[in-house]
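Once you've had a glance at the structure underneath, I'll fire off some questions.
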Amino acid sequence: MPYKNPEQKKKYDREHGIERYHVFVLKCHEYLGETPRCVDCGVSDDLEISHNDPFSKSFNPLEVWSTQDWDSVKLELDKCSLRCVPCHLKYDRVPQHGTRAEYTRHGCRCDLCKSAHALYTRDYRARKKLELSNV
């Protein structure tokens, strides 16, 4: 049965969704520890879920909170820890030298990053030249 007032339905859905999201976040934090604290510094404010190994990451549990079942979320949370915002930024921002991203996004000019950028540029130009010759 349709709602009489669509604006009231939108407002209810928004508020109810936000409430459900915050309940889900608390459930995830409790799953990761009885008293949620940062694993690095012990702070209990502004905690985020951080993957211990970013390469084993299947999905971000907080981005799929309404679409995944709790069992699959628990499997993903087993690969995670709680970190406060500053520690999470430090932990995740480990420089990966020898990549083009490090050169372009982060301004690293070490020899490894320069050569990665040069290799990418050379390949890019060759691809473009090939595309233009096939047209």
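What about Thr67, is it modelled with pLDDT under 90 and polar (S, T, N, Q)? Spell out the reasoning first.
Values: modelled with pLDDT under 90: yes; polar (S, T, N, Q): yes.
In short, yes.
Here's a follow-up. What is the number of the single condition among (1) closer than 30 Å to Thr121 by Cα; (2) not in a helix (DSSP H, G or I) that Arg105 does not meet?
(2)
Only one of these is without any contact (Cβ under 8 Å) to a residue 12 or more places away in the chain and under 14 Å from the mean Cα position of the chain (by Cα): Leu82, Leu62, Leu89, Leu132. Name it. Give the derivation first.
Numbers: Leu82 fails: without any contact (Cβ under 8 Å) to a residue 12 or more places away in the chain; Leu62 fails: without any contact (Cβ under 8 Å) to a residue 12 or more places away in the chain; Leu132 fails: under 14 Å from the mean Cα position of the chain (by Cα).
Selected residue: Leu89, the only one of Leu82, Leu62, Leu89, Leu132 that is without any contact (Cβ under 8 Å) to a residue 12 or more places away in the chain and under 14 Å from the mean Cα position of the chain (by Cα).
Could you tell me which residue of region 23-52 is surrounded by the fewest Cβ atoms within 10 Å (Cβ to Cβ), considering only residues that are among the acidic types (Asp, Glu) and over 13 Å from Arg83 (Cβ atoms)?
As a first pass, look at region 23-52 and keep what is among the acidic types (Asp, Glu): 30, 34, 40, 45-46, 48.
Now drop any that are not over 13 Å from Arg83 (Cβ atoms), which leaves 30, 34.
On the way: Glu30: 11, Glu34: 8.
Ranking the qualifying residues of region 23-52, first place goes to Glu34.
Let me ask you something else. Sort out which residues of region 57-102 are part of a helix (DSSP H, G or I) and among the basic types (Lys, Arg), and write them in order of number. Lay out the reasoning, then the answer.
First, pick out the residues of region 57-102 that are part of a helix (DSSP H, G or I): 70-77, 85-92, 100-102.
Result: Lys74, Lys90, Arg100.
Related question: Please go through region 77-92 and pick out each residue that is in contact with a His (Cβ under 9 Å, 6 or more places away or on another chain) and charged (D, E, K, R).
Going residue by residue through region 77-92, those that are in contact with a His (Cβ under 9 Å, 6 or more places away or on another chain) are 79-82, 92.
The answer is Lys79, Asp92.
How about region 50-72: which of its residues are among the hydroxyl-bearing types (Ser, Thr, Tyr) and touching a Ser or Thr at 6+ places or on another chain (Cβ under 8 Å)?
Ser50
Another question, if that's okay. Among the residues of region 73-126 satisfying the criterion of being of a type in the set (Asp, Glu) and within 30 Å of Asp45 (Cβ to Cβ), which is surrounded by the most Cβ atoms within 10 Å (Cβ to Cβ)?
Keep residues of region 73-126 that are of a type in the set (Asp, Glu), which gives 76, 78, 92, 102, 111, 123.
In the following step, the residues that additionally are within 30 Å of Asp45 (Cβ to Cβ) were identified as 76, 78, 92.
Working: Glu76: 19, Asp78: 10, Asp92: 12.
The selected residue is Glu76.
Related question: Please go through region 1-49 and give me each residue that is in contact with a Lys or Arg (Cβ under 8 Å, 6 or more places away or on another chain), aromatic (Phe, Trp, Tyr) and closer than 23 Å to Val64 by Cα, ordered by number.
Passing the criteria: only Tyr31.
The values are calculated or read from the model by the stated rules, or taken from the named source; none is laboratory data. Not measured: the values here are computed from a predicted model. So basically every Cβ, Gly included, is an ideal-geometry build from the backbone, and we count neighbours across all protein chains shown.
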